[in-house]
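> This structure is in C-alpha cells; I'll ask about it shortly.
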Amino acid sequence: MLQTGWIPLQSVLNQGTELMLDDQAIWQDPIKEFGINCVITSPVSARLQILPQEEGLLVRGHMTGQVTMPCTLCMESAVVDLNHSFDSFEPFLAEEGAEDDLDVDEYFMRRAPQGGGLEINPAALAWEEFAQALPQYPLCRKNCAGLCEKCGKNLNTGQCACDKEDYDPRMEKLRGLKLNK
C-alpha cells in the first residue's frame with residue numbers, strides 16, 4: 001500500500017498497518033525545498049509498520065536506497081547506501097484545547113481540518129528518518145586525501161607541486177636546533 005499524504009488515524013487503530021512508501025516525491029521534493037546537495041541514484045523506499053499503543057503509535061521501519069552527495073574532503077561524488085532501520089514512538093494528541101501536545105510531531109499527526117478525528121502523515125516521518133540516515137560527513141572513500149590547502153588540487157589524483165614544509169614562523173630560531181641524547 002502506498003501512502004504519501006494524510007490518512008485517518010482510525011484506519012490504523014484496530015490492528016495496526018504496514019505501509020510501503022516508494023513514491024520518490026517523498027524524498028525529492030524536500031531535498032529540493034531544503035537545498036540539500038543530494039541526488040537519488042537508486043530508488044529510496046521505506047516500509048513502515050504502525051502499531052497502536054495505549055498512549056500513541058509505535059512506528060517501526062526500514063529504509064533502503066542509494067544517494068550521491070559531495071565528499072566532505074574533496075568534493076567528488078560520494079555514494080551513500082541507505083540501509084536504515086528505526087523505531088519511533090509518536091504520542092497521541094491531547095483532547096482539543098488541552099496544552100499537553102508539546103511532544104507531538106505536528107508534521108506526523110494532526111486534527112483533521114474538516115473534523116472527524118486525527119490524521120497521520122507517514123511520509124513526514126519517513127522523510128525525517130531519511131534526513132537522519134544521511135551521513136553528516138560523506139566521504140568518497142575511507143582514505144580520502146582531500147584537497148591541497150594551498151592550491152586546491154585533489155590529492156586523490158596525485159601530489160601537487162606545493163611546498164609541503166609547513167612550519168610556524170614564530171619558531172624560526174629553533175629550526176636548526178639539534179638535540180643530543
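> Express the relative contact order of the chain as a whole percentage, based on alpha carbon pairs under 8 Å and six or more residues apart in sequence.
20 percent
> Right, here's the next one. Short version: ³J(HN,Hα) in whole Hz for each residue of region 53-69, in order, from phi by Karplus 6.51 cos²θ - 1.76 cosθ + 1.60 (θ = phi - 60°), x for Gly and Pro, what are they?
10, 4, 10, x, 10, 9, 10, 10, x, 9, 10, 9, x, 8, 10, 10, 9
> Related question: Charges only on Cβ, +1 for Lys and Arg, -1 for Asp and Glu: so what's the dipole of region 106-155 about the Cα centre, in debye to the nearest 20?
380 debye
> Still on this structure, I have one more. Rounded to the nearest 10 degrees, what's the angle between the helix 122-133 long axis and the longest principal axis of the chain, both from Cα atoms, 0 to 90?
Rounded to the nearest ten degrees, it is 20.
> Sticking with this structure for a sec: Using only DSSP helix segments of four residues or longer, with each worth -39500 (n - 2.57), what per-residue ellipticity at 222 nm results for the chain after dividing by its residue count and rounding to 500?
-4000 deg cm²/dmol
> Can you list residues from other chains, or at least 5 along the same chain, whose modelled amide H is less than 5 Å from the amide H of T41?
Q66, V67, T68
> Now a separate question. Could you pull out every residue, at least 5 positions away or on a different chain, whose amide H is within less than 5 Å of the one on N156? Hs are placed 1.01 Å off N in the peptide plane, and Pro or chain starts have none.
Under 5 Å from the amide H of N156: A145, G146.
> Amide H to amide H, which residues 5 or more places from L9 or on other chains are under 5 Å from it, using H placed in the peptide plane?
Sorted by chain and number, the residues that satisfy this are L118, E119, I120.
> Let me ask something else about it. Among the listed pairs K142/K178; K32/K153; K150/K178, which have their C-alpha atoms separated by more than 32 angstrom in this model?
Among K142/K178; K32/K153; K150/K178, the Cα-Cα distance tops 32 Å for K142/K178.
> Let me spell out the model: positive unit charges on the Cβ of Lys and Arg, negative unit charges on the Cβ of Asp and Glu, origin at the Cα centre of the chain. What dipole size does that give, in debye rounded to 20?
1840 debye
Any read-out appearing in this document is the output of simple, stated calculations on the displayed coordinates, not a laboratory observation. Only a predicted model underlies this, so the values are computations on that prediction, with no experimental measurement involved. Glycine also receives a Cβ, built like all others from the backbone with ideal geometry; neighbour counts cover every protein chain displayed.
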